[in-house]
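Peer 1: Just passing along the structure, written as structure tokens.
All of the numbers you see were taken from the coordinates with simple rules; none came from a lab. Keep in mind that what you see is a predicted model, and the values were worked out from it rather than measured. Here the Cβ positions follow ideal geometry from the backbone for every residue, glycine too, while neighbour counts run over all protein chains shown.
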Protein chains: 2
Amino acid sequence: MSFEFRLLKTDSNSKARLGELYTPHGKIETPIFMPVGTQATVKTMTPEELKEVGAQIILSNTYHLYLRPGHELIKKAGGLHSFMNWDRPILTDSGGFQVFSLSDLREITEEGVTFRSHIDGSYHFISPEKAIEIQMALGADIIMAFDECPPYPADYDYVKESLKRTTRWLKRCKEAHTRKDQALFGIIQGGMYKDLREESVKETTEVDLPGYAIGGLSVGEPKDIMYDILEYTTSLLPVDKPRYLMGVGTPEDLIEGVLRGVDMFDCVLPTRIARNGSVFTKFGQMTVRNAKYEADFTPLDPYCDCYTCRNYTRAYIRHLIKRNEILGLRLTTYHNLYFLLKLMERIREAIREDKFLEYREEFYRQYKGKI
Amino acid sequence: MSFEFRLLKTDSNSKARLGELYTPHGKIETPIFMPVGTQATVKTMTPEELKEVGAQIILSNTYHLYLRPGHELIKKAGGLHSFMNWDRPILTDSGGFQVFSLSDLREITEEGVTFRSHIDGSYHFISPEKAIEIQMALGADIIMAFDECPPYPADYDYVKESLKRTTRWLKRCKEAHTRKDQALFGIIQGGMYKDLREESVKETTEVDLPGYAIGGLSVGEPKDIMYDILEYTTSLLPVDKPRYLMGVGTPEDLIEGVLRGVDMFDCVLPTRIARNGSVFTKFGQMTVRNAKYEADFTPLDPYCDCYTCRNYTRAYIRHLIKRNEILGLRLTTYHNLYFLLKLMERIREAIREDKFLEYREEFYRQYKGKI
């Protein structure tokens, strides 16, 4: 089989895991962060630059690609890898999250979801079968089941009904999925209710799949609830399958996710805040747009050795960003992705040496959130 | 002296010239096209990419840098080269052209020009001395005298009066210019009047300068008039000094300019049309945004070997540009600059082999303007 997960070790002092994920487009070391390329491009970056910053796998969005340019066109191009000139692994989400968060006038039935495009208002219908059809056309290495991600807060009965339907949809997804060179992941839902999370884990893992994702977190709930539900959920998941925490990507959340046994993460955060002129540094997240950096001729992060930090000053990058110059967005995006992927590399190293808790402590001693 | 022009040869069958221009930041081979980096960045490009496409020198804009971030800040950064991380030659214009074309409410007196910023309406005054002060702070290798560029059409008396003032301003520029590591170029004006061009050449070249620019062309006049005035003007200029035709940059105009003895060109055209989804190809300028390229899986220019054409299809680039994805603008910009700089390289090769006229004929056999 072209897809395999090897759990290399678990940290002696925590639930942090070190692993390897084999796909048709190569191996991924876990825990891993996956940069997001919503529209078949990680915003501002070339594939070569993604490799330079250490990206081993990227994520792209079924919802967006289905609407434009269309999955049929991408299939004609030879699939998403060929279309966008990226030869490493790709994961596509199912479109579920975007249908529920971006589109208008959705109607949910057992059959699927009717929604209006956020772009032109046109009507569309996506069922589990359709979501799989689109993802088979795109040809990613890892594809996701079509699920409903309830908002926060949502009441118990709604979340329960929703997760039951998500499980029924998962079975239809598995049925519809016929490509042998793609791994289908199921998604655990259940909101902030532990018994529903347990129910969702039980039903989802009854379907034998190569990996499981945790959805419905980081949707507006307080951090302590998120970490609590996450910890509870991972404790129920099979140890021999990769766990993917969807839509999570602050440096702190990556560390807290790994601590609780997560193997994979994705988030638009590093690329999105970069385009607003915000960057990660050893000491926290700073906004280089701010006037105080106008004549600051030091690098974004003096402790970083990325291309941006080796060659450009805060003053220059601030100038570029204030002028809406594309190079500014490129330099901050490059740095933020490098920062997160370097963080993951150091996390893997720490787990390998049974020092993850020390690494985490050291990280927080310096990193102070927004600065 | 750190600045020197060597005329290596003139084509046996035309006025096309091959030369070398030595500057404090290295040698430039002429004829050359200079990409424009208005705000201390050639839009979308890193310095490394500029080198990859073959840029030997770039141009930046005094008017824009004076307004934002300010020449004093750039001076503090160690000058423009250091600020923007570009170690090859830079030419700065004097700001004259932008003051007259972009700003509001200008008042021209013998002393200088009062204008309102096109950004925030603030009042500013630029004199020849001020233009030189700013350019000395920026620290480019080649700097330009402060001139007035009359619009087209403009009446004889106005153009005559204007060029006389431009000459007086040139003398003040030379007086004010004290940096020995910069070459000050004078600018020939005179509109579409041959006797005024002659007068301008005579007066301007009486001031001993390391190079002369031809301004006031490509301002809306018909092509045949432009070529006629250009040919007349270059015929009057000293052979041992570089001639720089300002603001000209279509492939055809570069060839016609070289034919008439021009050594240097600059233009925002290749980078600007790139951002509108238009690209140069062997057969003409095409708009990859167009619907007909939606499922076209060939390169922008099948005869081009640049990074863009080696790795991406028209279909993908069209998708990116239609979605306003930055990578699309990067790929078209990269290609267009590569195309023009490769054209110049081939032109130099043709002159070296006394085959410029053949090369020009071959070029036009294939290149059909907008396609």
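Peer 1: Using Cα centres only, tell me the gap between region B:238-307 and region A:212-291 in whole Å.
Peer 2: Computed from Cα coordinates, the inter-centre distance equals 46 Å.
Peer 1: Provide Rg and Dmax in Å for region A:268-370, with only Cα atoms included in the calculation.
Peer 2: 14.2, 46
Peer 1: Give me the aspartates and glutamates in straight-line cross-link reach of A:Lys355: C-alpha distance below 14 Å, same-chain residues under 8 apart excluded.
Peer 2: A:Asp11, A:Glu345
Peer 1: Straight distance only, please: which lysines reach the Cα of B:Lys322 with their own Cα at less than 22 Å, same-chain residues fewer than 8 apart left out?
Peer 2: Filter leaves A:Lys43, A:Lys75, A:Lys76, B:Lys43, B:Lys292, B:Lys370.
Peer 1: Something else: Given a Förster distance of 45 angstrom, what is the FRET efficiency for B:Tyr303 paired with B:Ala154, based on the Cβ-Cβ distance and rounded to 0.05?
Peer 2: According to the calculation, E is roughly 0.60.
Peer 1: Could you let me know the centre-to-centre spacing of region B:343-371 and region B:38-66, using Cα atoms, in angstrom?
Peer 2: 26 Å
Peer 1: A further question on this structure: For region A:210-250, what is the convex hull volume of its Cα atoms per residue in Å³?
Peer 2: Here the figure is 70 Å³ per residue.
Peer 1: Which of B:Leu340, B:Leu329, B:Leu67 moves the most in a Gaussian network model of chain B with Cα springs under 10 Å?
Peer 2: B:Leu67
Peer 1: Moving on. What is the spin-label model distance, in nm, from B:Arg68 to A:Glu206 if the labels are put 7 Å beyond Cα along the C-beta direction?
Peer 2: Between B:Arg68 and A:Glu206, the label points sit 6.0 nm apart.
Peer 1: Would you mind listing the distances between the B:Gly220 label point and the same position in each other copy? Use 7 Å along Cα-to-C-beta, nm, one decimal, shortest first.
Peer 2: Nearest first, the other copies' label points are 5.5 nm away.
Peer 1: Let me ask you something else. Roughly how many debye, to the nearest 20, is the charge dipole of region A:268-370 about its Cα centre, given +1 on each Lys and Arg Cβ, -1 on each Asp and Glu Cβ, and no other charges?
Peer 2: 460 debye
Peer 1: Can you compute the charge dipole magnitude of region A:246-287 about its Cα centre, using +1 on each Lys and Arg Cβ and -1 on each Asp and Glu Cβ, nothing else charged? Give it in debye, rounded to the nearest 20.
Peer 2: I would put it at about 220 debye.
Peer 1: Let me know the whole percent of all Cα-Cα pairs from region A:1-45 that are separated by more than 15 Å.
Peer 2: 58 percent
Peer 1: Scan around A:Gly247 for amide H atoms under 5 Å from its own, H built in the peptide plane at 1.01 Å from N, and keep only partners 5 or more places away or cross-chain.
Peer 2: Amide H to amide H, under 5 Å and 5 or more residues apart or across chains, A:Gly247 pairs with A:Asp266.
Peer 1: From the cross-link list B:Lys9/B:Lys194; B:Lys130/B:Lys174; A:Lys51/B:Lys51; A:Lys51/A:Lys342, which pairs have alpha carbons spaced over 19 Å apart?
Peer 2: Too far apart for the 19 Å limit: B:Lys9/B:Lys194; A:Lys51/B:Lys51.
Peer 1: Just tell me how shielded B:318-330 is by partners: mean number of partner chain Cβ atoms within 10 Å of each residue's Cβ, no decimals.
Peer 2: 5
Peer 1: For the rotation taking chain A to chain B, which residue of A has the Cβ nearest the axis, and how many Å away is it?
Peer 2: Nearest Cβ to the rotation axis, residue and whole-Å distance: A:Ile326, 3.
Peer 1: Report for region A:1-147 the percent antiparallel among DSSP-assigned beta bridges with both residues inside it, nearest 5.
Peer 2: Of the beta bridges lying entirely in region A:1-147, close to 75 percent run antiparallel.
Peer 1: Sticking with this structure for a sec: What does the charge dipole of chain B about its Cα centre add up to, to the nearest 20 debye, if the Cβ of each Lys and Arg holds +1 and the Cβ of each Asp and Glu holds -1?
Peer 2: Charge dipole of chain B: 1060 debye, to the nearest 20.
Peer 1: Along Cα→Cβ at 7 Å, what distances in nm separate the A:Gly70 label point from those on the other copies, shortest first?
Peer 2: So the distances to the same position in the other copies read 5.4 nm.
Peer 1: Quick check: the distance between the Cα centres of region B:155-206 and region B:68-87, to the nearest angstrom?
Peer 2: Comparing the Cα centres of region B:155-206 and region B:68-87, I get a distance of 28 Å.
Peer 1: Per chain A: cysteines with no other Cys C-beta under 4.7 angstrom?
Peer 2: When partners are defined as cysteine Cβ atoms under 4.7 Å apart, chain A leaves A:Cys149, A:Cys173, A:Cys267, A:Cys306 without one.
Peer 1: In region B:24-65, which residues have a backbone nitrogen under 20 Å from the label point lying 7 Å from B:Leu8's Cα in the Cα-to-Cβ direction?
Peer 2: Under 20 Å, as judged by backbone N against the label point of B:Leu8, lie B:24-35, B:51-58 of region B:24-65.
Peer 1: For B:Val239 and B:Ser101, what does the FRET efficiency come to when R0 = 30 Å and r is the distance between their Cβ atoms, rounded to the nearest 0.05?
Peer 2: Computed FRET efficiency for B:Val239 and B:Ser101 comes out at 0.45.
Peer 1: Give me a single rounded figure for A:132-142: the average over its residues of other chain Cβ atoms within 10 Å of their Cβ.
Peer 2: 0
Peer 1: While we're on this one: Calculate, in nm to one decimal, what B:Arg179 and B:Asn311 gain on full extension: separation in residues at 0.36 nm each, minus their alpha carbon distance.
Peer 2: Full-extension gain reported as 43.0 nm.
Peer 1: Please compute, for peptide A:290-296, the average count of beta-carbon atoms on other protein chains lying within 10 Å of each residue's beta-carbon.
Peer 2: 1
Peer 1: Report, for B:Ala154, each distance to the same residue's label point in the other copies, shortest first and in nm; define the point 7 Å along Cα→Cβ.
Peer 2: 6.7
Peer 1: Put +1 on the Cβ of each Lys and Arg and -1 on the Cβ of each Asp and Glu in the protein assembly as shown; which of B:Leu102, B:Thr287, B:Ile255 then has its Cα farthest toward the positive end of the dipole?
Peer 2: Of B:Leu102, B:Thr287, B:Ile255, it is B:Ile255.
Peer 1: Related question: When B:Phe339, B:Phe356 are ordered from fewest to most other Cβ atoms inside 10 Å of their Cβ, what list results?
Peer 2: Starting with the residue having the fewest Cβ neighbours, the order is B:Phe339, B:Phe356.
Peer 1: Based on the mean of other beta carbon atoms within 10 Å per residue, what is the order of B:18-26, A:287-295, A:118-126, B:57-65, most packed first?
Peer 2: B:57-65, B:18-26, A:287-295, A:118-126
Peer 1: Three principal axis extents, largest first, for the C-alpha atoms of chain A, in Å?
Peer 2: Computed over chain A, the largest-to-smallest principal extents equal 59, 49, 41 Å.
Peer 1: May I pose another question? Per Stokes-Einstein, at 20 °C and 1.002 mPa s, what whole-number D in µm² s⁻¹ belongs to the protein assembly as shown, with the Kirkwood radius over Cα pairs as the hydrodynamic radius?
Peer 2: In µm²/s, the coefficient is 75.
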